Number of protein chains: 2
Amino acid sequence: MSEPLFPTAADTASLERGAALAPRFDANGLVAAIAQHADTGEVLMLAWMNAEALKLTVDTGQAHYFSRSRNALWKKGETSGQLQDVVELRVDCDQDAVLMKVRPRGDGGACHVGFRSCFYRVVVQDGSLEERP
Amino acid sequence: MSEPLFPTAADTASLERGAALAPRFDANGLVAAIAQHADTGEVLMLAWMNAEALKLTVDTGQAHYFSRSRNALWKKGETSGQLQDVVELRVDCDQDAVLMKVRPRGDGGACHVGFRSCFYRVVVQDGSLEERP
């Protein structure tokens, strides 16, 4: 068995206030990862990272994810050109989610459907969806 | 068995471009939910919603989540006073994540540790964490 890429927090205090990145991966070995545009503040996408994707993101400054549908490591933008330069990486209180401030390259978008952000639909009054910038 | 609270999208086209909110709940019956401050754009927290929590959020305009640790529906702010008025609710391309623009009540915070946002720590150069506004 290979050495784990990240430590495990010993207790709640070190998990919440400690100086060690000790992500709490879920049963599938994943944490949630939010990409927010570094300049506009727009939330671009939510995806998943396994330990390897998180380590690569920290080490290279380029967003890496883990694709649940393809069950594979995924360097964002490798095929689309929408690489994400990570300006800042944050972790939340219980270390099961990370927040990245990114600058997308290529056409500046993040969504495979063709919108800038994956969150291109608003839930309107009657509970239906409307596409809206 | 009770009727499901939301429909299931028939195909990828209706999932991605349709006008029906048809969330794709995971194996545990959850979608990821991001709360972003409606005025500042700050990402406040990431949590989870089951169908009931999402329905209540849509119907009441107040953020409801599902607590994985307590295995229970959770109206945000019920005990802390940090209620979240939902200004806008969005869903992502494959409908397994929602984004809420919220205005937090009470002290204006969202994190149980006492910070305004749960993402109060930055991963710095050597991979360690630093608390930073």
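Could you work out the local net charge near A:Val122, counting Lys and Arg as +1, Asp and Glu as -1, over the other residues with Cβ closer than 13 Å to its Cβ?
Cβ neighbours under 13 Å give a net charge of -1.
Compute the acute angle (0 to 90°) between the alpha-carbon long axis of helix B:51-60 and the principal axis of greatest extent of the alpha-carbon atoms of chain B; round to the nearest 10°.
For helix B:51-60, the angle is close to 80 degrees.
Could you tell me whether the range B:1-125 comes out rounded, prolate or oblate from its Cα gyration tensor? Rule is a ≥ b ≥ c as square roots of the eigenvalues, rounded for a/c under 1.5, then prolate if a/b exceeds b/c, otherwise oblate.
Since a/c reaches 1.5 and a/b is larger than b/c, the shape of the range B:1-125 is classed as prolate.
At 7 Å along Cα-to-Cβ for each site, give me the label-to-label distance between B:Thr60 and B:Arg24 in nm.
Modelled inter-label distance: 2.9 nm.
What relative contact order, as a whole-number percentage, does the range A:27-131 give when Cα pairs under 8 Å and 6 or more residues apart are counted?
Relative contact order for the range A:27-131 comes out at 25 percent.
Go through the range A:48-96 and name the GluC sites (Glu not before Pro) that are in a DSSP coil and have 13 or fewer other Cβ atoms within 10 Å of their Cβ.
Of the GluC sites (Glu not before Pro), the ones in loops of the range A:48-96 whose Cβ has at most 13 other Cβ atoms within 10 Å are A:Glu78.
Using a label position 7 Å from Cα in the Cα→Cβ direction, what is the ascending list of nm distances from A:Asp26 to the same site in the other copies?
Spacings between copies for this position, smallest first, are 0.1 nm.
Given springs between every Cα pair under 10 Å in a Gaussian network model of chain B, which of B:Val43, B:Val91, B:Val122 has the largest fluctuation?
The residue with the greatest mean-square fluctuation here is B:Val122.
Measuring from a point 7 Å out along Cα→Cβ, what nm distances, shortest first, does B:Arg68 have to its partners in the other copies?
B:Arg68 label point versus its equivalents elsewhere: 1.0 nm.
So how far, in whole Å, is the C-alpha centre of the range A:109-133 from the one of the range B:78-106?
16 Å
At a 10 Å Cβ-Cβ cut-off, how would you order A:Glu3, A:Glu131, A:Glu42, fewest neighbours first?
A:Glu3, A:Glu131, A:Glu42
Calculate for the protein assembly as shown the 222 nm mean residue ellipticity that helices alone would give, adding -39,500 (n - 2.57) per DSSP H run of length 4 or more and normalising by residue count, nearest 500 deg cm²/dmol.
Mean residue ellipticity at 222 nm (helix-derived): -3000 deg cm²/dmol.
Using only the Cα atoms, work out Rg/Rh for the protein assembly as shown, with Rh taken as the Kirkwood radius, to two decimals.
Across the protein assembly as shown, the Cα-based Rg/Rh ratio is 0.94.
Per residue of A:86-98, how many C-beta atoms from partner chains lie within 10 Å of its own C-beta, taken as a mean?
The mean count of partner-chain Cβ atoms within 10 Å per residue comes to 6.
Placing a label point 7 Å from Cα toward Cβ, how far apart in nm is A:Ala13 from its equivalents in the other copies, listed shortest first to one decimal?
For A:Ala13, the other copies' label points sit at 6.0 nm, shortest first.
Please check: in the Gaussian network model of chain A (C-alpha springs, under 10 Å), which one of A:Arg103, A:Arg121, A:Arg68 has the largest mean-square fluctuation.
Most flexible of the set in this elastic network: A:Arg121.
Is the range B:83-133 rounded, prolate or oblate when judged by the Cα gyration tensor, a ≥ b ≥ c being the square roots of its eigenvalues, rounded requiring a/c under 1.5 and prolate requiring a/b larger than b/c?
Oblate is the answer for the range B:83-133, as a/c is 1.5 or above yet b/c matches or exceeds a/b.
Could you work out which residue, out of A:Leu54, A:Leu21, A:Leu30, moves most in a Gaussian network model of chain A, that is, has the largest mean-square fluctuation with Cα springs under 10 Å?
Highest fluctuation of the listed residues: A:Leu21.
Please report the residue of chain B with the smallest beta-carbon distance to the B-to-A rotation axis, and give that distance in Å, no decimals.
For chain B, the closest residue to the axis carrying it onto A is B:Gly41, 2.
Over 21 Å between Cα atoms: which of A:Lys55/A:Lys76; B:Lys55/B:Lys75; A:Lys76/B:Lys55; B:Lys75/B:Lys101; A:Lys76/B:Lys76; A:Lys55/A:Lys101 fall into that group?
From A:Lys55/A:Lys76; B:Lys55/B:Lys75; A:Lys76/B:Lys55; B:Lys75/B:Lys101; A:Lys76/B:Lys76; A:Lys55/A:Lys101, over 21 Å: A:Lys76/B:Lys55; A:Lys76/B:Lys76.
Got a sec? How would B:Phe6, B:Phe119 order by Cβ neighbour count within 10 Å, fewest to most?
B:Phe6, B:Phe119
Throughout, read-outs are computed from the coordinates displayed, never taken from laboratory work. Here the structure is a predicted model, which means the values were calculated and not measured. Here the Cβ is made from the backbone with ideal geometry for all residues, glycine too, and neighbour counts use every protein chain on show.
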